[in-house]
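Asker: Quick one: the structure is below, and I'll ask about it shortly.
The values are calculated or read from the model by the stated rules, or taken from the named source; none is laboratory data. It should be emphasised that the depicted structure is a prediction, and the values quoted were computed from it without experimental measurement. In this analysis, Cβ positions are derived from the backbone assuming ideal geometry, glycine residues included, and neighbour counts consider all displayed protein chains. Surface accessibility is based on the protein's heavy atoms, side chains included, excluding ligands, DNA and RNA. Shrake-Rupley method; radii C 1.70, N 1.55, O 1.52, S 1.80 Å.
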2 protein chains.
Amino acid sequence: MKKVSLKDIAKKAEVSTATVSYVLGNKKCRVSEATKERIRAIAQELNYQPNQIAQSLKSGKTYTIGLIVADISNPFFSNIARVIEDEAAKFGYTVIFGSSDESAEKSWKLIQFLKNRQVDGFIIVPTENSEAQIEYLQEQKMPFVLLDRYFPQLNTTNVAINNFEIASEMVKDLIKTSPKKIGMIAYKNSLIHMEDRIGGFQEASKSIESFIERVGFNAIEAEVELALENLLQKKVEALFFATNSLAVAGLRVLQQKNIKIPNEIAIASFDESEAFEFFYSPVSYIQQPINQMGTRALQLLLNKVNTPELQEKTEILTAECVFRKSSQR
Amino acid sequence: MKKVSLKDIAKKAEVSTATVSYVLGNKKCRVSEATKERIRAIAQELNYQPNQIAQSLKSGKTYTIGLIVADISNPFFSNIARVIEDEAAKFGYTVIFGSSDESAEKSWKLIQFLKNRQVDGFIIVPTENSEAQIEYLQEQKMPFVLLDRYFPQLNTTNVAINNFEIASEMVKDLIKTSPKKIGMIAYKNSLIHMEDRIGGFQEASKSIESFIERVGFNAIEAEVELALENLLQKKVEALFFATNSLAVAGLRVLQQKNIKIPNEIAIASFDESEAFEFFYSPVSYIQQPINQMGTRALQLLLNKVNTPELQEKTEILTAECVFRKSSQR
């Protein structure tokens, strides 16, 4: 690759390399406007590409943000990535993203890689057991915002939603016709967002018999089928899914087994899915404020990038229940 | 941020900075194994973080790939991004991604940004009017592979599918009960993948009356509704959607208008969507080989990174028709 150097431009403009460097770097220097314009015109004519890596070594800013989501193929995360990308572009920032696949090891690899490439800050959807990574970023004074989940014992800036309250509201609606038994399918995950969804379910259903089945992230289909069979044996009359991917897997099984929704079992889910509106009994769901979550995370991060001494804070945004046919018995 | 430098390590190990640099950079040098180990242990103890940007300035390789997709919030692209990410990880590469939003301007910004950050190569889903960007990368001898779409007039390495043949196969099935009229909803997009899908539709339906409606990328919902109304006025008995997002918007309108599928209109779509299996009349669709597309694109790119003089080639992979109830009249 034959690259145009500052030297090439200096030669053609008949000035020193240092002068070219000052002019193209927009630094103060005693050069006439006419010369400045001549240098810029020559740079453009020669198609000069500044070496951004060398530039960032000097300026220390890259106008890049690292975004680590749990799984880019989940529509919740790919939609929120899109919002953050669009919002960042307004401020001249580019977003680099990757998925941790709910693995602390992958998350650590991404954090190290992006940090070594000197992103200006991070928006992170943290995985289980990644507290040490977060503390490491704090020690290194790297600005970051945690999104969707956070660690209550760590003093960080977080954007999350009212998981406990909104789960409780949806479950209260699910049991308004006084069923005797209700079930929930959740992930095996000790993070606060999952614990709060389960806590809200328990709080709302404490007057009746309730059952919770927890499944792993791998082999969702098989594990959800097993979990559903356990709950069907218990004869639950209502069912709450902790995420969209659990619900889509569950709908598949319920359809195969020809179980009538909502007559035999009333259902509702956290998150959205295109599948919900086309299920024969449109699925009631908890709508997370994705636009607001992405926008606020980006804004809080830029505040921290520009004012490192800012106090940490947690913003809890409000989700909404969308009631449809699947929960109306 | 207090950074540990090579100097700090040299001081503690009582050797020269150059020696530390050689040892940590795994370069040949006359240093005993014992000293090498002492230096590595001290580097680890002090939590030394090599400055990867400075490193890449020297080695010229970053083990990073830039991936530019049309829209990360579309499941086709977010799933393919996931495949490329997983495959790249096997070879020690990290994938940095961004979406062009079908805009040549955004695509150019991303290409420039990533090129300046010195990615080793690109996988690009090109937008309309981005030929000059592709030619620029060729001039700059930057390795890249085009995915999903390509420009037939440019000699590049491409991974695509048999759009014409598979669209033709699906449409032939749609009209096997000899309807008099068929419609298609496609994007206003002159790229080869869209032209081929339309070409396959025309080829297969040439014995009957056919109508094509083309909509823009923005305001899909409203434009698809209008397009559908035009086709309904023409009294089409079969309908083919050129992508999943067009089909999902179309299903919404068909459901609102209470049009019976497949009895009143038989339908089929390109691509997949979670919505298709839960629509009351499960939707027939063309399944793109996403795993194979992502894997081959990555492998071809790494071949080009490692052997720049390789000849360009186009790989056409085979999609499959999945026939379900929506197309069976």
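Asker: Restricting things to alpha carbons, find the Rg to Rh ratio for segment B:135-271 using the Kirkwood radius for Rh.
Answerer: 1.05
Asker: Rank A:Gln202, A:Gln287, A:Gln44 by mean-square fluctuation in a GNM of chain A with C-alpha springs under 10 angstrom and give only the top-ranked residue.
Answerer: A:Gln44
Asker: Can you grab the distance from the C-alpha centre of segment A:66-112 to the C-alpha centre of segment B:114-187, Å, no decimals?
Answerer: Their Cα centres are 26 Å away from one another.
Asker: Among B:Ala266, B:Ala81, B:Ala43, which one shows the biggest mean-square fluctuation in a GNM of chain B, springs joining Cα atoms closer than 10 Å?
Answerer: Sorting by GNM fluctuation, first place goes to B:Ala43.
Asker: In segment B:6-50, carbon and sulfur make up what percent of the accessible area (probe 1.4 Å)?
Answerer: Summing carbon and sulfur atoms, their accessible area is 49 percent of the total for segment B:6-50.
Asker: Find every distance from the label point of A:Lys11 to the corresponding label point in the other copies (7 Å from Cα along Cα→Cβ) and write them in nm, one decimal, shortest first.
Answerer: Distances between equivalent label points, in nm: 4.3.
Asker: Over 29 Å between C-alpha atoms is what I'm after, so list which of B:Lys109/B:Lys188; A:Lys257/B:Lys172; A:Lys106/A:Lys188 land there.
Answerer: Long pairs (Cα-Cα over 29 Å): A:Lys257/B:Lys172.
Asker: So, one more: Show which lysines lie in cross-link reach of B:Lys260 when reach means a straight Cα distance below 20 angstrom and same-chain residues fewer than eight apart are skipped.
Answerer: The reachable lysines, counting only those whose Cα sits under 20 Å from B:Lys260, are B:Lys176, B:Lys180, B:Lys181, B:Lys234, B:Lys235, B:Lys325.
Asker: For A:Gln299 and A:Glu33, FRET efficiency with R0 = 35 Å and r from the beta-carbon atoms, rounded to 0.05?
Answerer: According to the calculation, E is roughly 0.40.
Asker: Now, a different point. Taking N as the number of residues in chain B, what value does Rg over Cα atoms divided by 2.2 N^0.38 Å take?
Answerer: So chain B has a normalised radius of gyration of 1.31.
Asker: Sort all Cα-Cα distances of the protein assembly as shown into consecutive 10 angstrom bins from zero, then give the percent of pairs in each bin up to the one containing the longest distance.
Answerer: Spelled out bin by bin, the protein assembly as shown gives 3, 13, 21, 23, 20, 11, 6, 2, 0 percent.
Asker: Label-to-label distances across copies for B:Phe323, with labels 7 Å out along Cα→Cβ, in nm, shortest first?
Answerer: 4.5
Asker: Additional query: Defining the label point at 7 Å along Cα→Cβ, can you sort the distances from B:Pro308 to the same site in each other copy, shortest first, in nm?
Answerer: Output for B:Pro308: 3.8 nm, nearest copy listed first.
Asker: How far is helix A:75-90 tilted off the main Cα axis of chain A, in degrees rounded to 10, range 0 to 90?
Answerer: The two axes meet at around 30 degrees.
Asker: Exposed loop GluC sites (Glu not before Pro) only (DSSP loop, at most 11 other Cβ atoms within 10 Å): please give the longest stretch of chain B free of them, not including the sites.
Answerer: Counting at most 11 other Cβ atoms within 10 Å as exposed, the longest clean stretch of chain B is B:15-308.
Asker: Give me the 1.4 Å probe accessible area per residue for the protein assembly as shown, excluding ligands and nucleic acids, in Å².
Answerer: On a per-residue basis, 44 Å².
Asker: Could you work out which residue, out of A:Ser100, A:Ser21, A:Ser130, moves most in a Gaussian network model of chain A, that is, has the largest mean-square fluctuation with Cα springs under 10 Å?
Answerer: Between A:Ser100, A:Ser21, A:Ser130, it is A:Ser21 that shows the largest mean-square fluctuation.
Asker: Where does chain A land at 222 nm, in deg cm²/dmol rounded to the nearest 500, when only DSSP H runs of n ≥ 4 count, each adding -39500 (n - 2.57), divided by all residues?
Answerer: -14000 deg cm²/dmol
Asker: Just report the Cα centroid separation between segment A:250-270 and segment B:270-302, whole Å.
Answerer: Each part's Cα centre sits 26 Å from the other's.
Asker: Another question about this same structure. Determine the total buried accessible area between chain A and chain B, counting protein heavy atoms only with a 1.4 Å probe; round to the nearest 100 Å².
Answerer: Between A and B, the summed buried area is about 4600 Å².
Asker: Considering only protein heavy atoms and a 1.4 Å probe, what is the carbon-and-sulfur percentage of the accessible area of segment B:64-221?
Answerer: 48
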